[in-house]
Amino acid sequence: MAAKPGNLQNTNRWSTRQLVTMALMCAISALFSFVQIPLIPSVAFLTYDPSLMPAMVCGFAFGPMSGFVVGSLAAVIHGLILGEWVGSMMNIVATLCFVVPAALIYRRMHTFKGAVVGLTVGSLCAIAGAIAANLTIGVWFWYGSVEAILPLIAPALVPFNLVKTILNSVLTMVVYKAVSNLITPKKSQVKGRSAAAKA
């Protein structure tokens, strides 16, 4: 039986406010992707950018799918502008491995402790994902052989991604604490450090 007009409900998965926030975070993430900071002088091609932080903030605020969409779209925008499609694919893998696990855990443990646990697990997944991506996508498009990347995994790839995920995690905690009550629905807002008190 058809629903009465007065009983119609908005069935959109994402609200207009959420979509606007995601679009803004995607733009910020895309801009941040052009920041290139070398962390290890001996491997200057490994550069840090904070583009995953806005994606993680969206993941914490709206769920893992929102975070993944923001990070992936920013990576695609970067690829369209510079034509660096291999780097874009790497960033999409990084988004999947870092943002999604952390946001999933935080959605189940919506506390300060849950955020820390989520970011820790996301960091470990991101390091593993970076190794896997370099041994597959990287070998196929960049290095030419597995032997070319294997010597770089322990001295360069692992420490670089460890520092990268720590920086992104710290930035996420700072920014999310500052903006969470502005971008999340009122019923999901966390006042001050009440989340930490629940931990």
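The values are calculated or read from the model by the stated rules, or taken from the named source; none is laboratory data. Everything quoted here is computed from the prediction, not taken from an experiment. Backbone-built Cβ (ideal geometry, glycine too); neighbour counts: all protein chains shown. Note: areas computed on protein heavy atoms with side chains; ligands, DNA, RNA excluded. Shrake-Rupley method; radii C 1.70, N 1.55, O 1.52, S 1.80 Å.
Of the chymotrypsin sites (Phe, Trp or Tyr not before Pro) found in region 43-101, those in coil by DSSP whose Cβ has at most 14 other Cβ atoms within 10 Å are F45. Approximating the spin labels as points 7 Å out from Cα along Cα→Cβ, the A148-to-V163 distance works out to 2.4 nm. With the Kirkwood sum run over all distinct C-alpha pairs, the chain has a hydrodynamic radius of 17.7 Å. Derived scalar couplings between HN and Hα for region 36-42 equal 10, 10, x, 9, 10, x, 5 Hz in order, rounded to whole Hz, by the Karplus curve 6.51 cos²θ - 1.76 cosθ + 1.60 (θ = phi - 60°), x for Gly and Pro.
Surface analysis of the chain yields an accessible area of 55 Å² per residue, using protein heavy atoms and a 1.4 Å probe. Roughly how tilted is helix 16-32, in degrees to the nearest 10 and between 0 and 90, from the longest Cα axis of the chain? For 16-32 against the chain, the angle is about 20 degrees. Its DSSP H runs of at least 4 residues, each contributing -39,500 (n - 2.57), put the calculated 222 nm mean residue ellipticity of the chain at -22000 deg cm²/dmol, to the nearest 500.
Surface composition of the chain: carbon and sulfur make up 70 percent of the accessible area, probe 1.4 Å. Which residues make up the longest stretch of the chain clear of trypsin sites (Lys or Arg not before Pro) that lie in a DSSP loop with no more than 15 other Cβ atoms within 10 Å, not counting the sites? With a cap of 15 other Cβ atoms within 10 Å, the longest stretch comes to 14-190.
Can you give the net charge of the other residues whose Cβ lies under 15 Å from the Cβ of I37, counting K and R as +1 and D and E as -1? Around I37, the surrounding residues sum to 0. The charge dipole of the chain, taken about its Cα centre with unit charges on the Cβ of Lys, Arg, Asp and Glu (plus for the first two, minus for the last two), comes to roughly 1280 debye.
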